[in-house]
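Trainee: Quick one: the structure is below, questions incoming.
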Amino acid sequence: MCGRFTQGIPWSEVWAFLQPLGLAVPEEPLRPRYNIAPAQAAWVIASDGLGGARVGSMRWGLIPHWTKYLKSSLATFNARIESAATKPTFRQSFERRHCLVPASGYYEWVGEGKDKQPWYIHPVDAPLLFFAGLWDRWVSPDGEALLSFTVLTEAADGELSKLHDRRPVMLQPEHAAVWFDATRWRDEQHALGEPPALAWHPVGREVNNARIDNEGLIRPAPPAGAANRISSGP
(Lines give C-alpha, C1' and ligand atoms only; values in the text may rest on other atoms or scores of the structure.)
Protein backbone atom coordinates (compact mmCIF):
# COMPACT_ATOMS: atom_id res chain seq x y z
CA MET A 1 0.00 0.00 0.00
CA CYS A 2 -0.29 2.37 -1.79
CA GLY A 3 0.66 0.54 -5.01
CA ARG A 4 -1.50 2.27 -7.64
CA PHE A 5 -3.13 5.70 -7.78
CA THR A 6 -4.89 8.06 -10.17
CA GLN A 7 -4.36 11.64 -11.30
CA GLY A 8 -7.59 12.30 -13.15
CA ILE A 9 -7.72 16.01 -12.27
CA PRO A 10 -6.92 19.20 -14.24
CA TRP A 11 -4.13 21.47 -13.04
CA SER A 12 -6.69 24.24 -12.59
CA GLU A 13 -8.07 22.26 -9.63
CA VAL A 14 -4.61 21.68 -8.16
CA TRP A 15 -3.71 25.35 -8.61
CA ALA A 16 -6.95 26.49 -6.98
CA PHE A 17 -6.30 24.37 -3.90
CA LEU A 18 -2.67 25.47 -3.52
CA GLN A 19 -2.97 29.07 -4.70
CA PRO A 20 -1.59 30.57 -1.44
CA LEU A 21 1.71 28.81 -2.21
CA GLY A 22 2.20 30.54 -5.54
CA LEU A 23 2.15 27.27 -7.46
CA ALA A 24 3.98 27.45 -10.78
CA VAL A 25 1.97 25.31 -13.18
CA PRO A 26 3.95 23.63 -15.97
CA GLU A 27 3.24 24.50 -19.59
CA GLU A 28 2.58 20.84 -20.37
CA PRO A 29 -1.08 19.98 -19.61
CA LEU A 30 -1.89 17.21 -17.18
CA ARG A 31 -2.91 14.05 -19.00
CA PRO A 32 -5.49 12.17 -16.91
CA ARG A 33 -4.02 8.96 -15.51
CA TYR A 34 -6.06 6.17 -13.96
CA ASN A 35 -3.49 3.45 -13.25
CA ILE A 36 -0.15 4.90 -12.16
CA ALA A 37 2.17 2.11 -11.02
CA PRO A 38 5.61 2.03 -9.36
CA ALA A 39 8.53 2.89 -11.68
CA GLN A 40 6.22 5.02 -13.82
CA ALA A 41 6.40 8.83 -13.94
CA ALA A 42 3.83 11.00 -12.19
CA TRP A 43 3.37 14.69 -11.45
CA VAL A 44 4.70 15.82 -8.07
CA ILE A 45 4.67 19.19 -6.27
CA ALA A 46 7.79 20.29 -4.40
CA SER A 47 8.92 23.48 -2.70
CA ASP A 48 10.90 25.92 -4.85
CA GLY A 49 12.85 27.06 -1.79
CA LEU A 50 11.40 30.58 -2.07
CA GLY A 51 8.06 30.09 -0.35
CA GLY A 52 6.34 28.82 -3.48
CA ALA A 53 5.98 25.45 -5.15
CA ARG A 54 6.66 23.97 -8.56
CA VAL A 55 5.34 20.96 -10.41
CA GLY A 56 7.50 18.36 -12.08
CA SER A 57 7.45 14.80 -13.35
CA MET A 58 9.22 12.25 -11.14
CA ARG A 59 9.70 8.50 -11.11
CA TRP A 60 7.55 6.70 -8.52
CA GLY A 61 9.98 4.79 -6.35
CA LEU A 62 12.62 6.86 -4.57
CA ILE A 63 16.22 6.42 -5.69
CA PRO A 64 18.57 7.75 -2.98
CA HIS A 65 21.11 10.22 -4.34
CA TRP A 66 23.98 8.18 -2.85
CA THR A 67 23.08 4.99 -4.74
CA LYS A 68 25.82 4.08 -7.23
CA TYR A 69 23.66 2.15 -9.64
CA LEU A 70 19.96 2.22 -10.46
CA LYS A 71 18.26 -0.92 -9.18
CA SER A 72 14.79 -1.55 -10.54
CA SER A 73 14.14 -4.02 -7.71
CA LEU A 74 14.15 -1.36 -4.97
CA ALA A 75 10.75 -1.38 -3.22
CA THR A 76 10.79 2.31 -2.35
CA PHE A 77 7.44 3.49 -3.69
CA ASN A 78 6.12 3.64 -0.09
CA ALA A 79 7.80 4.67 3.15
CA ARG A 80 6.40 4.33 6.66
CA ILE A 81 6.18 7.75 8.27
CA GLU A 82 6.95 6.16 11.64
CA SER A 83 10.41 5.03 10.51
CA ALA A 84 11.34 7.19 7.48
CA ALA A 85 13.40 9.56 9.62
CA THR A 86 15.80 6.76 10.58
CA LYS A 87 15.88 4.52 7.49
CA PRO A 88 19.06 5.16 5.45
CA THR A 89 17.10 5.16 2.17
CA PHE A 90 14.73 7.92 3.26
CA ARG A 91 16.49 9.71 6.12
CA GLN A 92 18.00 12.66 4.23
CA SER A 93 14.88 13.21 2.13
CA PHE A 94 12.78 13.17 5.30
CA GLU A 95 15.00 15.87 6.76
CA ARG A 96 14.89 18.28 3.81
CA ARG A 97 13.06 17.10 0.67
CA HIS A 98 9.30 16.92 1.22
CA CYS A 99 6.75 16.89 -1.60
CA LEU A 100 3.03 16.51 -2.28
CA VAL A 101 1.55 14.05 -4.74
CA PRO A 102 -1.83 15.20 -6.10
CA ALA A 103 -4.21 12.29 -6.60
CA SER A 104 -7.86 11.79 -7.40
CA GLY A 105 -7.82 8.39 -5.67
CA TYR A 106 -5.91 5.15 -5.18
CA TYR A 107 -6.45 1.38 -5.27
CA GLU A 108 -6.21 -1.42 -2.73
CA TRP A 109 -6.70 -5.17 -3.15
CA VAL A 110 -8.59 -7.51 -0.80
CA GLY A 111 -8.35 -11.30 -0.79
CA GLU A 112 -5.80 -13.88 -1.87
CA GLY A 113 -4.44 -15.07 -5.21
CA LYS A 114 -6.79 -14.97 -8.16
CA ASP A 115 -9.67 -13.92 -5.90
CA LYS A 116 -8.12 -10.56 -5.04
CA GLN A 117 -10.69 -7.80 -5.45
CA PRO A 118 -9.47 -4.28 -6.33
CA TRP A 119 -11.16 -1.33 -4.62
CA TYR A 120 -10.99 2.33 -5.60
CA ILE A 121 -10.63 4.82 -2.72
CA HIS A 122 -11.40 8.49 -3.34
CA PRO A 123 -12.25 11.71 -1.48
CA VAL A 124 -15.83 12.45 -0.46
CA ASP A 125 -15.89 16.24 -0.26
CA ALA A 126 -13.10 17.35 -2.60
CA PRO A 127 -11.95 16.61 -6.17
CA LEU A 128 -8.45 15.58 -5.13
CA LEU A 129 -6.14 14.33 -2.40
CA PHE A 130 -2.63 15.38 -1.49
CA PHE A 131 -0.35 12.50 -0.48
CA ALA A 132 2.63 13.48 1.66
CA GLY A 133 5.81 12.32 -0.04
CA LEU A 134 9.60 12.54 -0.13
CA TRP A 135 11.78 13.09 -3.18
CA ASP A 136 15.42 12.83 -4.19
CA ARG A 137 17.72 13.56 -7.14
CA TRP A 138 19.96 10.75 -8.37
CA VAL A 139 22.69 11.22 -10.96
CA SER A 140 23.83 8.27 -13.06
CA PRO A 141 27.52 7.52 -13.74
CA ASP A 142 26.92 9.13 -17.16
CA GLY A 143 25.75 12.37 -15.53
CA GLU A 144 22.03 11.92 -16.28
CA ALA A 145 19.76 13.21 -13.46
CA LEU A 146 16.66 11.36 -12.31
CA LEU A 147 14.07 12.80 -9.91
CA SER A 148 12.09 10.24 -7.91
CA PHE A 149 9.61 10.15 -5.05
CA THR A 150 7.95 7.93 -2.48
CA VAL A 151 4.50 8.13 -0.85
CA LEU A 152 4.47 8.12 2.94
CA THR A 153 2.02 5.79 4.68
CA GLU A 154 0.49 5.52 8.13
CA ALA A 155 -1.76 3.07 9.97
CA ALA A 156 -5.31 2.88 8.62
CA ASP A 157 -8.25 2.99 11.02
CA GLY A 158 -11.99 2.33 11.04
CA GLU A 159 -13.67 0.66 8.08
CA LEU A 160 -10.77 1.57 5.80
CA SER A 161 -8.51 -0.84 7.70
CA LYS A 162 -10.60 -3.73 6.32
CA LEU A 163 -9.15 -2.93 2.91
CA HIS A 164 -5.56 -2.55 4.14
CA ASP A 165 -3.81 -1.84 7.42
CA ARG A 166 -1.91 1.10 5.86
CA ARG A 167 -3.05 4.26 4.07
CA PRO A 168 -1.24 7.16 2.39
CA VAL A 169 -0.53 10.11 4.66
CA MET A 170 -2.92 12.77 3.34
CA LEU A 171 -2.73 16.49 4.06
CA GLN A 172 -5.33 19.22 3.77
CA PRO A 173 -4.32 21.92 1.23
CA GLU A 174 -3.96 24.58 3.94
CA HIS A 175 -1.20 22.53 5.55
CA ALA A 176 0.92 22.20 2.41
CA ALA A 177 3.25 25.06 3.36
CA VAL A 178 3.95 23.42 6.72
CA TRP A 179 4.79 20.10 5.07
CA PHE A 180 7.13 21.72 2.51
CA ASP A 181 9.14 23.29 5.34
CA ALA A 182 10.63 20.20 6.99
CA THR A 183 11.82 22.13 10.07
CA ARG A 184 8.45 23.80 10.57
CA TRP A 185 6.67 20.49 10.10
CA ARG A 186 8.58 18.91 12.96
CA ASP A 187 7.34 21.70 15.21
CA GLU A 188 3.73 21.86 13.98
CA GLN A 189 2.79 18.35 12.90
CA HIS A 190 0.37 18.10 15.83
CA ALA A 191 -1.68 20.90 14.22
CA LEU A 192 -2.12 19.37 10.75
CA GLY A 193 -5.72 18.38 11.41
CA GLU A 194 -7.73 15.39 10.27
CA PRO A 195 -7.17 13.67 6.91
CA PRO A 196 -9.92 14.10 4.29
CA ALA A 197 -13.03 11.91 4.35
CA LEU A 198 -12.85 8.92 1.99
CA ALA A 199 -15.27 6.57 0.26
CA TRP A 200 -14.54 3.39 -1.70
CA HIS A 201 -16.10 0.87 -4.07
CA PRO A 202 -15.03 -2.33 -5.86
CA VAL A 203 -13.75 -2.05 -9.43
CA GLY A 204 -12.94 -4.48 -12.23
CA ARG A 205 -9.76 -6.53 -12.36
CA GLU A 206 -8.53 -4.74 -15.50
CA VAL A 207 -6.65 -2.42 -13.13
CA ASN A 208 -4.34 -5.35 -12.35
CA ASN A 209 -2.67 -4.71 -15.70
CA ALA A 210 -0.56 -1.53 -15.40
CA ARG A 211 -0.60 -1.14 -19.19
CA ILE A 212 -4.36 -0.46 -19.11
CA ASP A 213 -5.07 3.19 -18.30
CA ASN A 214 -8.53 4.63 -18.87
CA GLU A 215 -11.37 6.20 -16.88
CA GLY A 216 -13.37 2.99 -16.95
CA LEU A 217 -11.02 1.47 -14.38
CA ILE A 218 -12.56 3.51 -11.55
CA ARG A 219 -16.18 2.62 -12.33
CA PRO A 220 -17.95 0.43 -9.72
CA ALA A 221 -18.08 -3.30 -10.33
CA PRO A 222 -19.74 -6.14 -8.38
CA PRO A 223 -17.50 -7.34 -5.51
CA ALA A 224 -16.52 -10.99 -5.36
CA GLY A 225 -16.00 -13.42 -2.48
CA ALA A 226 -14.91 -11.93 0.84
CA ALA A 227 -15.09 -8.45 -0.66
CA ASN A 228 -18.89 -8.68 -0.43
CA ARG A 229 -18.56 -8.26 3.34
CA ILE A 230 -16.78 -4.89 3.14
CA SER A 231 -18.85 -1.74 3.23
CA SER A 232 -18.34 0.98 0.65
CA GLY A 233 -17.31 3.64 3.15
CA PRO A 234 -19.11 6.72 4.39
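Trainee: Per residue, how large is the accessible surface of the chain? Use a 1.4 angstrom probe and give square angstrom.
Mentor: Value for the chain: 50 Å² per residue.
Trainee: For the chain, which span is the longest to avoid every loop-located (per DSSP) member of GluC sites (Glu not before Pro) having at most 13 other Cβ atoms inside 10 Å? The partial results should precede the final answer.
Mentor: On the way: sites that count: E27, E82, E112, E144.
After excluding every exposed loop site, the longest remaining stretch is 145-234.
Trainee: Here is a follow-up. So how much slack lies between Y69 and T86, counting 0.36 nm per residue of separation and subtracting their Cα-Cα distance, in nm?
Mentor: 3.9 nm
Trainee: If I build a Gaussian network model for the chain, linking alpha-carbon pairs within less than 10 angstrom, which residue out of S93, S161, S47 has the largest mean-square fluctuation?
Mentor: S161
Trainee: Same structure again: Assuming a strict under-30 Å limit between Cα atoms, what lysine pair count do you get for the chain once near-sequence pairs (fewer than 8 apart, same chain) are dropped? Mind showing how you got there, number by number?
Mentor: Details: K68/K87; K71/K87; K71/K114; K71/K116; K87/K162; K114/K162; K116/K162.
Going through the chain pair by pair, I get 7.
Trainee: While we're on this one: If each DSSP helix of 4+ residues adds -39,500 (n - 2.57) and the sum is divided by the residues in the chain, what number results at 222 nm, nearest 500 deg cm²/dmol?
Mentor: Computed mean residue ellipticity for the chain: -2500 deg cm²/dmol.
Trainee: Label points 7 Å out from Cα along the Cβ direction at R186 and L146: separation in nm?
Mentor: Between R186 and L146, the label points sit 3.0 nm apart.
Trainee: Here's another thing I want to ask about it. When Cα extents along the principal axes in Å is calculated directly from the model, which label among (1) 49, 38, 37; (2) 63, 41, 39; (3) 83, 40, 38 fits?
Mentor: For Cα extents along the principal axes in Å, the calculated option is (1).
Trainee: What list of ³J(HN,Hα) values in whole Hz, one per residue of region 133-148 in order, does the Karplus curve 6.51 cos²θ - 1.76 cosθ + 1.60 (θ = phi - 60°) give from phi, with Gly and Pro shown as x?
Mentor: Residue by residue, region 133-148 yields x, 10, 9, 8, 10, 10, 10, 6, x, 8, x, 8, 8, 9, 8, 9 Hz.
Trainee: Compare H98, H65, H122 by solvent-accessible area with a 1.4 Å probe and give them largest first, with all protein chains kept in place. Please list the in-between numbers first.
Mentor: On the way: H98 5, H65 75, H122 50 Å².
Highest to lowest solvent-accessible surface, that is H65, H122, H98.
Trainee: Then there's this: State the dimensionless ratio Rg/Rh of region 130-209 (Rg: radius of gyration of Cα atoms; Rh: Kirkwood radius). Could the numbers behind the result be given before it?
Mentor: Numbers: Rg = 16.7 Å, Rh = 15.5 Å.
Computed over Cα atoms, the ratio is 1.08.
Trainee: Further, regarding this structure: What are the residues whose amide H is under 5 Å from the amide H of R137, where those residues sit 5 or more places off or on another chain and H is modelled from the backbone?
Mentor: Here H65 satisfy the definition.
Trainee: Could you tell me, in Å, what Rg and Dmax come out for the Cα atoms of region 1-60?
Mentor: 12.1, 33
Trainee: Mind listing the Cα extents of region 169-211 along all three principal axes, in Å, largest one first?
Mentor: Cα spread of region 169-211 along its principal axes, largest to smallest: 43, 23, 14 Å.
Trainee: While we're looking at this one, here's another question. What stretch of the chain, leaving out the sites themselves, is the longest with no trypsin sites (Lys or Arg not before Pro) in a DSSP loop having at most 13 other Cβ atoms within 10 Å?
Mentor: Working: sites that count: K68, K71, R211.
Looking at the chain, 72-210 is the longest stretch - no exposed trypsin sites (Lys or Arg not before Pro) with at most 13 other Cβ atoms within 10 Å.
Trainee: At a threshold of 8 angstrom on Cα-Cα distance, excluding pairs fewer than six apart, so keeping six or more, what relative contact order does region 10-142 reach in percent?
Mentor: Result for region 10-142 is 23 percent.
Trainee: Along each of its three principal axes, how wide is the spread of alpha-carbon positions in region 38-163, in whole angstrom units, largest first?
Mentor: That works out to 45, 37, 26 Å along the principal axes.
The values are calculated or read from the model by the stated rules, or taken from the named source; none is laboratory data. The structure presented is a predicted model; accordingly, all values stated were derived computationally and were not measured. Virtual Cβ from ideal backbone geometry, glycine too; neighbours counted across all protein chains shown. We work out accessible area using only protein heavy atoms, side chains counted, and drop any ligands, DNA or RNA first. Shrake-Rupley method; radii C 1.70, N 1.55, O 1.52, S 1.80 Å.
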